[in-house]
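Shown next, in C-alpha cells, is the structure this report addresses.
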Amino acid sequence: MLELREVEVSYGNIRALKGISLRVAEGELVTLIGANGAGKSTTLKTISGLLRPKSGTLSYRGQPLGSLPPHKIVALGISHCPEGRHLFGRLTVTENLRLGAVQRPDHEEVRRDIDYVYKLFPVLKERNEQLAGTLSGGEQQMLAIGRALMSRPQLLLLDEPSLGLAPLLVSAIFDTIRQLKREGATILLVEQNARLALDIADRAYVMETGRVTLQGPAMELKHNPQVEHTYLGT
Amino acid sequence: MNLVFYTVQQLVNALSIGSLYALMAVGLAMVFSILRLINFAHGDLIMIAAYFAAFALLAKLPLGVTIVLMLSGTILAGLLMERVAYRPIRGAPDVAALLTSFAVGQILQNGTLLVTRLLQKPNPLAFPVIGALSGVFTFGSITIPRVNVVSLLLGIVLLVLLSLFVTRTNLGLSMRAAAEDLPAAQLMGIDINRVIATAFAIGSGLAAVAGLLFAVQAGQLTPYMGFTPVLKAFIAAVIGGFGSISGAIVGGYALGGLEVLLTAIPGIGDILPPGLVSPRMQELLKQWLPSSLTSYRDAFVFLVLILVLLFRPNGILGRREREELG
C-alpha cells in the first residue's frame, strides 16, 4: 500500500533520514520504534508531505508522493496525527473534528462520522462545545486521533499517541488503536513505548540515527536480544 | 452647542473613523495571523482603490460600476501581490517578508505616480465629488457628514459578515485553523495557498472600501496617502491583539474612540453649557485643556500605544504565542 525506497531527508545541513526503506501492506499495523532523534517523526512528516525528500521515492498504491502538497496527500487517503497533538486550541472540539473532514463535501456523512468519534471517545461528546485547548492531555490525544479519522483515511499515521499520558490513558488509547485495526484500518505507528507498540503491531522497524537497523514481525523483534536490551530494558 | 448633541456627534465620528480603522486592521491581522507577515503594502491597496475609484468617476462611470471596478481592481492587486511577491519568499525569515512588503509598497506608489503622469492627471488629484456620500445629515441641531454615517454602517455590516464567514463557513474555519497552526492545517487537508489567497482577497476588498471612504473624506489623493492609514491600522491591530480578527476590530474602534476623545476633550471648556460646572471649573478647563492641545493628538495616541504594550504586551484581546510543528 505504502512504500518508501531509499528516502533521504535533510534539515539544512543535517541529514535526518539517511536512505530509509519501508513498506506497509493493506490492513497491517506497522510500528516504527527507536530513540529520540532517530528520524521516526521525520519519516511520517515526509509521507504526509510536510517535508520533501532530497532523494529516494515514496509511493502510495503505486502513485508517487514525493512532490505532492500535503492536502493532495490527504485527498489520497492518508491521514497524519502529529506528535504533540497539534489541536486547534482556540477552536471547539466539534470545530476540530469538522476540520478533520474539511475536504469532504458530504455534510450528512460528516455528521455521522463525528458521532462515530464521539462513540469511540464518549468524553469528547460531553465537551463538544469546549475549546480544544482546555481539554486534559488524554482528552486532547483522543481528539487528535478522532480528528485524524475524520478524513476517513485508508492509511493512518500515528505519531507518539502515548506521549505524556498516564498509564491508564495510554492503555485506553492503545485499546482504541486495536479497535481501529479490527475494523480494518491500516496504521503506521510511531512509538517510543516499544513494548506497547510491539504488542499490538504486526511488523516493526527499528530506527537509529536516520537509518532502519532492524525489521521483522513484531513478535520476533520483541524477543530479539538487541531490542530487548536497548528498547525493552530487560 | 448643547453637550448632549455634541456627545452624540462625537460618538458617530468615533464609530465612523473606528469602522475605517477596523476595516483596514482586519486585513493586516488576517495576513499576519497566517503568514507572520506585517504587510505594510496594505496601505497602498487603500491608495490604489482610491485611484481606481477616482479614474472611474473621472471617466463619468456610474457609482455602481465604479465600485465594482474599484473592488475587483484592488482585490486583483492584492492577489497579485501575494502570488508574485510573498509566495516565493514564504518560509523566509520574518524580516525578509517585512522588507518585501516595503518594496511592494514602493512599487505600487511609484507605479501609481507613473500612471497619473502618463494620463496627465495632476498630483495631488482632487477626488471627484460623489453625490451619495457628500453633504450632511441634520437631526435637530446635530449635523453629521453623510460619509461618516455611511462609514459607520458599512463598517459594521461588513465586519459582521466577516465574522459570520470565519465562524460559519468551512473556508473561514480553515482560515482560523491555518492562523493557529499552519502545518497542522495542512495535515487536515487544507490547501493553504487557497486560504492565504482568500485572506489577501478579503483584506484587499475591505481595504478598498476603506480607501473609497477615506478618499471622500480627504478630498484629494496622492500616491503616498496609504502610509498614515496603514500605520493607524497597524496601531489598531496591536492595541487589540495582533493577529486576531476580533482584536483588530476591537482595536480599530478603540483607536477611533481614543482619537475622537483626544480631539473632543481639548476645548471642552468652550462648549460646556453655562451652569453645568462652576465658572471657576470652566476657567480651569479652558486654561488646562485648550483646543490647541488637539494638535498633539497623535503624540497622545502613541503614548497610549506604549502604555498598552507595557501593560498588555499581547493587546487587549491578546493571547500567548503558539507552538510550532517542525
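Readers should treat all values here as calculations from the given coordinates under stated rules, not as data from a laboratory. From a predicted model like this one, the values you see are computed outputs, not experimental measurements. FYI the Cβ positions are ideal-geometry reconstructions off the backbone, even for glycines, and counts take in every protein chain you see.
If a/c stays under 1.5 just call it rounded; otherwise compare a/b with b/c (prolate if a/b is bigger, oblate if not). Do that for the stretch B:16-148, with a ≥ b ≥ c from the square roots of the Cα gyration tensor eigenvalues. Please list the in-between numbers first.
Numbers: a/c = 2.55, a/b = 1.51, b/c = 1.69.
Oblate shape, in that a/c is at least 1.5 and b/c is the bigger or equal ratio.
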I'd like the distance between the alpha-carbon centres of the stretch A:182-234 and the stretch A:66-132, rounded to an integer number of Å.
28
To test your reading of the geometry: what angle, between 0 and 90 degrees and rounded to tens, separates the Cα axis of helix B:3-35 from the longest principal axis of chain B?
10
Determine the shape class of the stretch B:101-174: with a ≥ b ≥ c the square roots of the Cα gyration tensor eigenvalues, call it rounded for a/c under 1.5, and otherwise prolate if a/b is greater than b/c, oblate otherwise.
oblate
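Just round it to a whole percent: the fraction of Cα-Cα distances in the stretch B:146-255 exceeding 25 Å. List each step's numbers first, then the result.
Numbers: 1661 of 5995 pairs.
Within the stretch B:146-255, distances greater than 25 Å cover 28 percent of Cα pairs.
Kindly rank B:197-206, A:96-105, B:216-225 from highest to lowest mean number of other beta carbons found within 10 Å of each residue. Don't skip to the answer; put the middle values down first.
Details: B:197-206: 23.4, A:96-105: 21.8, B:216-225: 18.2.
Top to bottom by mean Cβ count within 10 Å: B:197-206, A:96-105, B:216-225.
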Once residue B:141 and residue B:170 are pulled to full extension, the length gained, defined as 0.36 nm per residue separation minus their Cα-Cα distance, is 5.6 nm
Using only Cα atoms, locate the centre of the stretch B:125-161 and the centre of the stretch B:1-65, then give the distance between them in Å, rounded to an integer.
12
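Over 20 Å between C-alpha atoms is what I'm after, so list which of B:60/B:121; A:72/A:119; A:45/A:72; A:18/A:54 land there. Walk me through the numbers on the way to the answer.
Numbers: B:60/B:121 15 Å; A:72/A:119 29 Å; A:45/A:72 14 Å; A:18/A:54 10 Å.
Too far apart for the 20 Å limit: A:72/A:119.
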Compute the acute angle (0 to 90°) between the alpha-carbon long axis of helix B:42-58 and the principal axis of greatest extent of the alpha-carbon atoms of chain B; round to the nearest 10°.
80
How far is it, in nm, from the label point at residue B:113 to the one at residue A:119 when both lie 7 Å from their Cα along the line to the Cβ?
6.8
If you fit an axis through the alpha-carbon atoms of helix B:94-118 and take the longest principal axis of the Cα set of chain B, what angle between them do you get, 0 to 90°, nearest 10?
70
Candidate aspartates and glutamates for bridging to residue A:181, where Cα separation is under 14 Å - those fewer than 8 sequence places away on the same chain excluded
A:26, A:28, A:199, A:202
Taking a ≥ b ≥ c as the square roots of the eigenvalues of the Cα gyration tensor of the stretch A:81-178, is the shape rounded (a/c under 1.5), prolate (a/b larger than b/c) or oblate?
prolate
Rounded to whole Å, give me the distance from the Cα center of the stretch A:14-48 to that of the stretch B:71-103.
36
Peptide A:43-50, shielding by other chains (average Cβ, 10 Å cutoff)
2
If the stretch B:1-65 were replaced by its equivalent ellipsoid, with semi-axes equal to the square roots of 5 times the Cα gyration tensor eigenvalues, what would those be, largest first, whole Å?
29, 24, 8
Residues with amide H under 5 Å of residue A:29's amide H, sequence separation 5 or more or different chain, H placed in the peptide plane at 1.01 Å from N; which?
A:187, A:202, A:203
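In peptide A:74-80, how many Cβ atoms from other protein chains are near each Cβ within 10 Å, on average? Each step should come with its number before you reach the end.
Numbers: counts 6, 2, 1, 0, 2, 3, 5.
Average neighbour count from other chains, rounded to a whole number: 3.
Under the Kirkwood approximation for Rh and a Cα-based Rg, what ratio Rg/Rh is obtained for chain A? Let's see the in-between values first.
Numbers: Rg = 17.3 Å, Rh = 18.0 Å.
In chain A, Rg relative to Rh is 0.96.
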Quickly estimate the mean residue ellipticity at 222 nm for chain B, helices only: each DSSP H run with n ≥ 4 gives -39500 (n - 2.57), and the total goes over all residues, rounded to 500.
-23000 deg cm²/dmol
Which whole-Hz ³J(HN,Hα) couplings does the stretch A:120-130 yield from phi under the Karplus relation 6.51 cos²θ - 1.76 cosθ + 1.60, θ = phi - 60°, glycine and proline marked x?
5, 10, x, 5, 5, 5, 4, 10, 4, 9, 7
Net length gained if the chain between residue B:134 and residue B:36 were fully extended (0.36 nm per residue, minus Cα distance)
31.4 nm
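For the stretch B:234-296, take the alpha-carbon Rg, divide it by the Kirkwood Rh, and send me Rg/Rh.
Working: Rg = 16.2 Å, Rh = 13.3 Å.
Value, to two decimals: 1.22.
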Looking at the stretch B:187-326 from every direction and averaging, what is the projected area of its Cα convex hull in nm²?
12.8
Calculated FRET efficiency, residue B:288 and residue B:3, Cβ-Cβ r, R0 25 Å, to nearest 0.05?
0.85
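Roughly speaking, what is the stretch gain from residue B:11 to residue B:306, that is 0.36 nm per residue apart minus the C-alpha to C-alpha distance, in nm to one decimal?
On the way: separation 295, 0.36 × 295 = 106.20 nm, distance 2.46 nm.
Gain on extension, residue B:11 to residue B:306, equals 103.7 nm.
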